[in-house]
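**Q** Here it is, the structure in full.
Every number here is computed from the coordinates shown, using simple stated rules; none is lab data. Since we're looking at a predicted model, the values are computed, not measured. So basically every Cβ, Gly included, is an ideal-geometry build from the backbone, and we count neighbours across all protein chains shown.
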Amino acid sequence: MDSKSTRVLALISVLLSCASVPEYVNSKPAQLGTLHIWVQPDPVITANLVLDGCRFWEPVGVKCEIVQNPAKADVVVSVSYEPCLSLARKRVAATKTGAMAGVTALRPECKAVFPKDEDITEAWSMLGLSTMAGQVTLYPMCMSWAGGGIVVPDMVRRTAAHEVGHELGINHVPLSCNDNCVQYELDAAGAKLCGPAIMNAPIVDAMHITPIDADAFRRPNTRLFPNRQ
């Protein structure tokens, strides 16, 4: 896919508990460089929460830093309070036509999973979007489903980690190796990756990256940190 395609993180119930998701641990990662992030000032989606999410990637050698000037940022994070149901309708429409990347929407078996317009609910919405070219948008109206109307901080952190992963050049990783409706990510050797990962869509209930995320990261990327190991 084109590196500037928009990726989507769908808001669907989390699939695995934290205890079920393996953590990638690397106590002495090679330091590849610093990812500079600017976050639109917002009382809910704070810069500290986004920074926490970015730090999920520290075990692969990515250092994260908040900057005060968007012109000096590698990634600019915006916040949109668009209603969740509105986003759900847009997401379904865009994915059906293939305009939104991350789902192989044109396969007949994939089309079958999409609801009719009258059956679209907020569960089809999205938590965030990444252009994979330096722009991320987060949607707090879709992050409150598990908190009785209050945005869940860990959901912000996981979403930020997922979208930063896209900015690092990683596509979605399907949870099941039999899922042909999500675009596969490849490891550095060109093998398909699947299994629990912060880059799953829907996202898993984890506060860390997994070994599969680390394998996906090692694939060379020309925009940020090209010399990966």
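**Q** At a Förster radius of 41 Å, what calculated FRET efficiency corresponds to the Cβ-Cβ distance of ALA191 and SER78, to the nearest 0.05?
**A** My answer for the efficiency is 0.70.
**Q** On to the next question. Based on the mean of other Cβ atoms within 10 Å per residue, sort peptides 196-206, 155-165 so the most packed one is first.
**A** The packing order, highest mean first, is 155-165, 196-206.
**Q** Something else about it: Give me a comma-separated list of calculated 3J(HN,Hα) values for the range 202-211, in order, Karplus coefficients 6.51, -1.76, 1.60 applied at θ = phi - 60°, integers in Hz, x for any Gly or Pro.
**A** Values per residue, Gly and Pro as x: x, 6, 8, 8, 9, 10, 6, 7, 10, x Hz.
**Q** List the aspartates and glutamates whose Cα lies under 12 Å from the Cα of LYS28, skipping any in the same chain that are fewer than 8 positions away.
**A** Excluding near neighbours in sequence, the set is GLU58.
**Q** List, in order, the whole-Hz ³J(HN,Hα) value for each residue of the range 48-57 obtained from phi through the Karplus relation with A = 6.51, B = -1.76, C = 1.60 and θ = phi - 60°; use x for Gly and Pro.
**A** With coefficients 6.51, -1.76 and 1.60, one gets 5, 5, 5, 4, 4, x, 4, 5, 4, 8 Hz.
**Q** Using R₀ = 30 Å, calculate the FRET efficiency as 1/(1 + (r/R₀)^6) where r is the Cβ-Cβ separation of GLN31 and CYS177; round to 0.05.
**A** My answer for the efficiency is 0.35.
**Q** Continuing with the same structure: If each of ALA133 and LYS116 carries a label point 7 Å out from its Cα toward its Cβ, how far apart are those two points in nm?
**A** Result for the modelled spin labels: 3.8 nm.
**Q** Quick one: if you stick a label point 7 Å off each Cα along the C-beta vector at ARG218 and LYS96, how many nm between them?
**A** Spacing of the two 7 Å Cα→Cβ label points: 4.2 nm.
**Q** Let me ask something else. Considering amide H positions built from the backbone, and no H for Pro or chain starts, which residues 5 or more places from CYS64, or on another chain, come under 5 Å of its amide H?
**A** When sequence neighbours closer than 5 places are left aside, the close amide H contacts are LEU35.
**Q** May I pose another question? Cα centroid distance between the range 39-97 and the range 151-178, in Å?
**A** Between the Cα centres of the range 39-97 and the range 151-178 lies a distance of 11 Å.
**Q** If I stretch the segment between ARG89 and MET207 completely, what's the gain in nm (0.36 nm per residue apart, minus their alpha carbon distance), one decimal?
**A** In short, 39.6 nm is gained.
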